[in-house]
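The structure under discussion appears below in the form of structure tokens.
The values are calculated or read from the model by the stated rules, or taken from the named source; none is laboratory data. All figures in this text were calculated on a predicted structure; none of them were measured in a lab. Cβ placement follows ideal geometry from the backbone for every residue including glycine, while neighbour counts extend to all protein chains displayed. Please note that ligands, DNA and RNA were not included when accessible areas were found on the heavy atoms of the full protein model with its side chains. Shrake-Rupley method; radii C 1.70, N 1.55, O 1.52, S 1.80 Å.
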Amino acid sequence: QSVLTQPPSASGTPGQRVTISCSGSSSNIGGNTVNWYQQLPGTAPKLLIYSNNQRPSGVPDRFSGSKSGTSASLAISGLQSEDEADYYCAAWDDSLNAWVFGGGTKLTVL
Amino acid sequence: EVQLLESGGGLVQPGGSLRLSCAASGFTFTSYAMSWVRQAPGKGLEWVSAISGSDGSTYYADSVKGRFTISRDNSKNTLYVQMNSLRAEDTAVYYCAKHIGLIWSRGYYFDYWGQGTLVTVSS
């Protein structure tokens, strides 16, 4: 049981915009920033979004993040086949004094 | 280029021990906190343990406290985790991950991950 809640799956067709949600509580998302990681099949996680909405160098601007209250979202516009991956949200939890993750969302490009 | 290369995984019986290593390069190892994060087969990510880059303070998830010991050898740019009293539920791919700063705390998220090493606990 993950501390942060994500839908287990999402899907879209090439060119579409999809969003992935991440729900938490006041002790994690509500009081701290959210990061997103992309895990392509068989590979290590890669930082995709940090501090709610910042993209590391090299991440396409098709990827964007937002946060409101105790929830966060990752949006992918102009969906491409290479975006098919698992996506994880993460945040610091003040009650646990630890980094916590969502259960992951498997994105399928139809 | 930041590189993290884990090794030491394998098959171990319940109650057994294993030591994982993570060789780091491409950054000043002593200046960054490091963590171990695991992923059980078909499951999500779970933070396991962390060590600061300054005073070597260590931190553990409740699920491994008292059984796992994290350490680092700054002269060898290598991170370790000694895993004792292993259980079936410890079966996972173990990733080492670099934090963006010296300490392990809010704001100091993971920015680079290794490729992982598989630990299987089974009789």
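Please work out if B:Y80 is at negative phi, within 9 Å of another protein chain (Cβ to nearest Cβ) and within 15 Å of the chain's Cα centre (by Cα).
It is false that B:Y80 is at negative phi, within 9 Å of another protein chain (Cβ to nearest Cβ) and within 15 Å of the chain's Cα centre (by Cα).
Taken together, A:Q16, A:Q38 contain a single residue that is within 15 Å of the chain's Cα centre (by Cα) and either farther than 22 Å from B:Y108 by Cβ or not hydrophobic (A, V, I, L, M, F, W, C) (or both), which is A:Q38.
The condition of being surrounded by fewer than 17 Cβ atoms within 10 Å (Cβ to Cβ), polar (S, T, N, Q), assigned to a strand (DSSP E or B) and within 11 Å of the chain's Cα centre (by Cα) holds for A:S21. Here B:D55 clears all of (1) within 14 Å of another protein chain (Cβ to nearest Cβ); (2) open to solvent by 70 Å² or more (accessible area, probe 1.4 Å); (3) of a type in the set (D, E) except the condition numbered (1). When B:S75, B:S63, B:S71 are screened for being more than 9 Å from chain A (Cβ to nearest Cβ), in a strand (DSSP E or B) and open to solvent by 30 Å² or more (accessible area, probe 1.4 Å), only B:S71 passes.
Given the options B:S21, B:S25, name the one that is open to solvent by less than 30 Å² (accessible area, probe 1.4 Å), closer than 17 Å to B:K76 by Cα and polar (S, T, N, Q). First the steps, then the outcome.
On the way: B:S25 fails: open to solvent by less than 30 Å² (accessible area, probe 1.4 Å).
Matching residue, one of B:S21, B:S25: B:S21.
Restricting attention to segment B:83-110 and to residues that are open to solvent by less than 60 Å² (accessible area, probe 1.4 Å) and free of Cβ contacts under 8 Å to residues at least 24 places away in the same chain, the residue that is nearest to the other protein chains (Cβ to nearest Cβ) turns out to be B:Y109. Of all residues in segment B:54-77, none are of a type in the set (A, V, I, L, M) and over 16 Å from A:A98 (Cα atoms).
Considering (1) open to solvent by 10 Å² or more (accessible area, probe 1.4 Å); (2) without any contact (Cβ under 8 Å) to a residue 40 or more places away in the chain, the lone condition that A:L48 does not fulfil carries the number (1).
Number of residues in segment A:65-110 that are touching a Pro at 6+ places or on another chain (Cβ under 8 Å), outside any strand (DSSP E or B) and surrounded by 20 or more Cβ atoms within 10 Å (Cβ to Cβ): the value is 2. Within segment B:111-123, the set of residues being under 30 Å from B:G15 (Cβ atoms) and more than 7 Å from every other protein chain (Cβ to nearest Cβ) comprises B:T117, B:L118, B:V119, B:T120, B:V121, B:S122, B:S123.
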